[in-house]
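Take a look at the structure set out below.
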Ligand code: NAD
């Protein structure tokens, strides 16, 4: 395999790093080094911010009709190149191509939402708030904004951010994950082909140095982050201290509660799909099944049957349902929870280390089911972010709810039941941002907003939908009076209506 070299995209063209620092890119299904990616230093950070800053006045003043036209063209190009993007993602991330195509499709939905920008940016207008005085509000862009994104959705998560930010008139710098950086550059090329002016969308690769450079740069007005909770907290605190607007989405530990009246076949299908899709490397993956007595044994046996039939293999093999993990280190860390789980009293119902996987040095770990997990165990407390499904058995709905309440994360959750009253009570009581009722991965549509509660999100606004529009705009309230001679005369009183 020829070795590729991925570089930054600044001011509408590729820009090789002068710093000389680089990271390695792997092919997870073989373990082979497939290329390198430039890591930005201060010079590239400054160049990207300067390009975005220079592009801002022109883009801010570009008509809504023209912005929408470019977004529509970008949408067409994304659709045309969806399979190519999916293969690129799969080759660096490891997920199966159909799953990668799914993430492009979900990103595309946000582009479609952003195509409605003329409607989204409508302000309010009140005529005659006082005699011959009108009041109205206008939504204006912030300037240069940055997005810092995780490895697990190299196309979709950036597309939670930049279509809305750009549609609103901002210019954007994406700092994608250094583990699978190629999709972001391909997206930049598609933007250029769609006619986006140079400097409106830039990609800066790298590690903490690139991130810190953006967090500390005075010309970056807002930061959107998606990644693990410790880094989300750091981004939130650092960016806020620098006076920036910030939204930082963190990690997750999503519980799926199965009540005694649930259809256990459907619940088992859902648990296996949501637990092992993308090898569990999804922030909305189900990682804990909470089985309310007496469903535990029967549900476990239905889950085990389904897990035994899963096909683990390379992402580009259409037969594969689950690919490898993203890196060797991550695979080893995930596998360590199998040992710690057993040492701390869990039962290994399915051991993913025994799954038949392709020969070679790929980062493989098969689907694993840990039963009789309890809240003190590391496998329960940590976000494993891999193909490990934990089963916790509880005696009642109240006990299930207490478990969810005590968990520090609040990204997604699901309840499986045929009892509408129980589901409604759950939706009302649960301290989690995204709730599924007989839906295991309740990812909101683009016109709603994506975000968790508790340690799964720092900041006030969720991603995309109207919260995204509000995050990427500032509201200005205008009070206007067109003068005529009757308005003469000095009056030092506070303006009141009349
Ligand atoms: P990560 O936190 O390691 O990295 C995310 C981004 O932060 C990357 O661009 C990375 O380069 C950068 N980064 C890493 N360490 C840094 C540091 N010390 N200082 C500054 N920047 C740093 O996350 P990941 O491993 O790429 O992704 C997996 C995590 O993302 C999981 O925790 C998952 O739950 C979370 N995630 C959350 C959501 C959500 O919507 N809440 C969505 C997807 C992924």
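Values in this text are rule-based calculations from the coordinates and carry no lab data. Keep in mind it's a predicted model, so treat the numbers as computed, not measured. Every residue, glycine among them, receives a Cβ derived from its backbone with ideal geometry; neighbour counts consider all protein chains shown.
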**Prompt:** Tell me, in nm to one decimal, what length is gained between residue 482 and residue 126 on full extension, where the rule is 0.36 nm per residue of separation less the Cα-Cα distance?
**Reply:** 126.7 nm
**Asked** Going by how many other Cβ atoms sit within 10 Å of their own, how do 496, 368 line up, fewest first?
**Response** 496, 368
**Request:** Determine, for each peptide in 60-67, 185-192, the mean count of other beta carbons within 10 angstrom over its residues, then list the peptides with the highest first.
**Result:** 185-192, 60-67
**Prompt:** Which distance in nm do the two modelled labels at residue 344 and residue 316 give, with both placed 7 Å along the Cα-to-Cβ direction?
**Reply:** 3.9 nm
**Item:** Computed helical MRE - 222 nm, the chain, DSSP H runs ≥ 4 contributing -39500 (n - 2.57), nearest 500
**Value:** -12000 deg cm²/dmol
**Request:** For residue 333 and residue 298, compute 0.36 nm times the residue count separating them, minus their Cα-Cα distance, and round to one decimal in nm.
**Result:** 9.6 nm
**Request:** Can you tell me the relative contact order of the chain? Whole percent, Cα pairs under 8 Å, sequence separation 6 or more.
**Result:** 18 percent
**Complete:** Here the Cα Rg-to-2.2 N^0.38 Å ratio for the chain is 1.06
**Request:** Can you work out the PRE-style zone for residue 351? Point 7 Å along Cα to Cβ, and I want the residues of the range 274-311 with backbone N under 11 Å.
**Result:** none
**Item:** Sorted peptide list for 259-265, 155-161, criterion being average Cβ within 10 angstrom, highest first
**Value:** 155-161, 259-265
